[in-house]
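Report on the structure given below.
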Amino acid sequence: MRIPESLQDLASSEAVQFLRRPKTITRVFEGVFSLIIFSSLLTDGYQNKMESPQLHCILNSNNVACSFAVGAGFLAFLSCLAFLVLDTQETHIADTRFKIAFQLLDLILAALWAVVWFVGFSFLANQWQHSPPKEFLLGSSSAQAAIAFTFFSILVWIFQAYLAFQDLRNDAPVPYKRSLDEGGMVLTTLPLPSATSPMNMPTTGPNSLSYASSALSPCLTAPKAPRLAMMPDN
C-alpha cells in the first residue's frame with residue numbers, strides 16, 4: 001500500500017516528530033495523570049455527612065489529604081505544560097550552557113516530583129485505609145482513582161528523570177576538548193626544518209661527534225689551544 005505524499009510530509013514534519021519523542025509522550029502522561037488526581041478530588045473529594053451539612057474530605061475526613069492531592073496535582077499539571085512549551089524551543093537553543101542548565105533543571109524537578117508523589121501515595125492510601133466504610137454516599141471511586149493515578153505518577157516521573165539524565169549525559173561537553181583541539185592545531189602549523197638548517201648539516205671527520213646538537217653549541221666546537229713540542233738538543 002502506497003502512502004500519499006501528503007501523509008508522508010505530515011509524518012516527517014517537525015510537529016509530528018516532536019510528538020513522537022519519548023520525552024513528549026511522558027510529559028503528556030504526567031499531565032493527564034495530574035489532571036485526573038486533582039480534578040477527581042476537587043469535584044467529588046469533599047462530601048457532607050448525613051448529620052452535618054459541612055463538607056469533609058472523603059479521605060478519613062482529613063482536609064489536608066484532599067488539599068495536598070489537589071494542590072500537588074495542579075502544580076504538576078502546570079509544570080508539565082511549562083516544560084512542554086520549553087521542549088518545543090529546545091532544538092533552537094544555541095547556547096550550550098543554557099541547554100545544559102535546562103536539562104539539569106528538568107532532572108531535578110522530575111526526581112523531586114517522583115518523591116512528592118511517593119509521599120502522596122503513601123499518605124492518601126493510609127488515609128483511605130482508615131476511612132470508615134460507607135461514611136459518605138459518593139466519592140469512593142474518585143478517591144480510588146486519585147490514589148491509583150498517584151502511584152502511576154511515581155513511575156512516569158521516574159522515567160522522566162531517566163530521560164533527562166540521558167539527555168544531560170549525551171549533551172555534556174567533553175572536558176578540555178577545546179584546549180586539546182587548539183593544541184593539535186598549533187602542532188600541525190609548526191614549520192618543518194629546512195635542508196639548510198644546522199639540524200640537518202652533516203658532520204665530517206673521524207673524530208667528529210654524530211650529534212646534531214653539537215653544531216648548535218659553540219662552546220663544544222671551539223678551537224683548541226696549540227700544543228708545545230719539545231725540541232731535541234743538538
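The values are calculated or read from the model by the stated rules, or taken from the named source; none is laboratory data. All values derive from a computational prediction rather than experimental measurement. Using ideal geometry, Cβ is built from the backbone for each residue, glycine included, and neighbour counts are taken over all protein chains shown. Only protein heavy atoms, including side chains, enter the accessible area calculation; ligands, DNA and RNA are left aside. Shrake-Rupley method; radii C 1.70, N 1.55, O 1.52, S 1.80 Å.
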Q. On the given criteria, is Leu104 open to solvent by 40 Å² or more (accessible area, probe 1.4 Å) and either in contact (Cβ under 8 Å) with a residue 40 or more places away in the chain or in contact with a His (Cβ under 7 Å, 6 or more places away or on another chain) (or both)?
A. yes
Margin query: Given the criteria over 20 Å from Ser142 (Cβ atoms) and open to solvent by 60 Å² or more (accessible area, probe 1.4 Å), does Phe68 qualify?
Written below: no
Residue pairs qualifying under the 7 Å Cβ cut-off, at least six apart or on distinct chains, with the first in region 65-81 being on the phi < 0 side of the Ramachandran plot and the second being of a type in the set (Val, Ile, Thr) and open to solvent by 30 Å² or more (accessible area, probe 1.4 Å), are Ala72/Val116
Among Leu109, Leu59, Leu81, Leu86, the single one that is of a type in the set (A, V, I, L, M), in a loop (DSSP other than H, G, I, E, B), at pLDDT 85 or above and touching a helix residue (DSSP H, G or I) at 6+ places or on another chain (Cβ under 8 Å) is Leu59
